[in-house]
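J.: Handing you a structure now.
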Amino acid sequence: MSNVGRPPKYTSVEEIEDKIEQYFSSCEGEPLLDDKGKRVVNKFGYPCWEEAPKPPTITGLALALGFASRQALLNYQGKKEFNDTITRAKSRVEEYAESRLFDRDGSNGAQFSLRNNFKGWNVDNEQKLEIELLKLESQVKDSQPAEETEDNFMDALNAQAAEVWEESNGEEEG
C-alpha cells in the first residue's frame, strides 16, 4: 500500500517552532540605530524604524509557515504532534489582539479578530440579551433615589412574606 498525497510540510515540532519564532521576531520590527548603536527617536521622542513593527495575525502566521491560507494552518493544528505548538502560537496572537481591546485605536479590529479566530470570544444573541437586561436593571437602580430603592425592596420583601404566610396557612388548613 502506498501513501497518496502531498508529503507533510513539517516533519518535526522543532522545525515548525523555529519558523514560528522567526515570524514573531519579524513582527517586532527593526529599530533605526545611530552610529553608536543607540535607537534613533524623532522630535516627539518616538522611535524611528528601519522596518516598522507589525501586529501578529493568524493569517500572517499561516503565510510565514508556508501555508496557502489561514484555514490550512487550522487544519494542520488538527495533527496531534503539532497541536500544542500551533495552539501556543495562536495564543500569542490572541494575547496581542486581547491587549488591543484596551487601546482605543485597535479595539474594533481586535474584537473582530478575537470573534473570528478564537473560541469563546463570540457572544451569541442570548448572551447579548442577558447583558442588555443587566445594563437596564443597573440603570433603573442607579436612577432611583436611595429611599425609593429601599421602599421597593421592603415592599417586595413584605409581598414575598405574605405569599409564604398564605401558603403555609393553606397547607395547615388543608
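The values are calculated or read from the model by the stated rules, or taken from the named source; none is laboratory data. Source: prediction; values computed, not measured. Glycine also receives a Cβ, built like all others from the backbone with ideal geometry; neighbour counts cover every protein chain displayed.
J.: What do you reckon, is LYS54 surrounded by 14 or more Cβ atoms within 10 Å (Cβ to Cβ) and of a type in the set (Lys, Arg)?
T.: Considered against the rule, which asks whether it is surrounded by 14 or more Cβ atoms within 10 Å (Cβ to Cβ) and of a type in the set (Lys, Arg), LYS54 comes out as no.
J.: A follow-up question, please. Yes or no: TYR76 in contact (Cβ under 8 Å) with a residue 40 or more places away in the chain, more than 17 Å from ASP18 (Cα to Cα) and surrounded by 14 or more Cβ atoms within 10 Å (Cβ to Cβ)? Write out each step before concluding.
T.: Values: in contact (Cβ under 8 Å) with a residue 40 or more places away in the chain: yes; more than 17 Å from ASP18 (Cα to Cα): no; surrounded by 14 or more Cβ atoms within 10 Å (Cβ to Cβ): yes.
No, not satisfied.
J.: Now for a separate question. Restricting attention to region 102-118, does a residue exist that is of a type in the set (S, T, N, Q), out of contact with any Lys or Arg (no Cβ under 9 Å at 6 or more places or on another chain), closer than 30 Å to ASP18 by Cβ and modelled with pLDDT of 85 or more?
T.: No, region 102-118 contains no residue that is of a type in the set (S, T, N, Q), out of contact with any Lys or Arg (no Cβ under 9 Å at 6 or more places or on another chain), closer than 30 Å to ASP18 by Cβ and modelled with pLDDT of 85 or more.
J.: Which of (1) touching a residue at least 40 places away in the same chain (Cβ under 8 Å); (2) assigned to a helix (DSSP H, G or I); (3) surrounded by 15 or more Cβ atoms within 10 Å (Cβ to Cβ) does GLU81 not meet, given it meets every other one?
T.: Condition (3) is where GLU81 drops out.
J.: Let me ask something else. Which residues, taken from region 90-101, are outside any helix (DSSP H, G or I) and either modelled with pLDDT under 80 or basic (Lys, Arg) (or both)? Lay out the reasoning, then the answer.
T.: First pass over region 90-101, keeping only residues outside any helix (DSSP H, G or I): 101.
Within region 90-101, none qualify.
J.: Looking at (1) modelled with pLDDT of 95 or more; (2) at positive phi; (3) not aliphatic (A, V, I, L, M), which one does THR87 not meet, given that it meets all the others?
T.: (2)
J.: Out of the residues in region 40-51 that are of a type in the set (Phe, Trp, Tyr) and farther than 24 Å from VAL93 by Cα, state the one that is surrounded by the fewest Cβ atoms within 10 Å (Cβ to Cβ). Talk me through it step by step, then tell me what you get.
T.: Keep residues of region 40-51 that are of a type in the set (Phe, Trp, Tyr), which gives 44, 46, 49.
This time we only want the ones that are farther than 24 Å from VAL93 by Cα, so: 44, 46.
Values: PHE44: 5, TYR46: 8.
Among those residues, the one meeting the criterion is PHE44.
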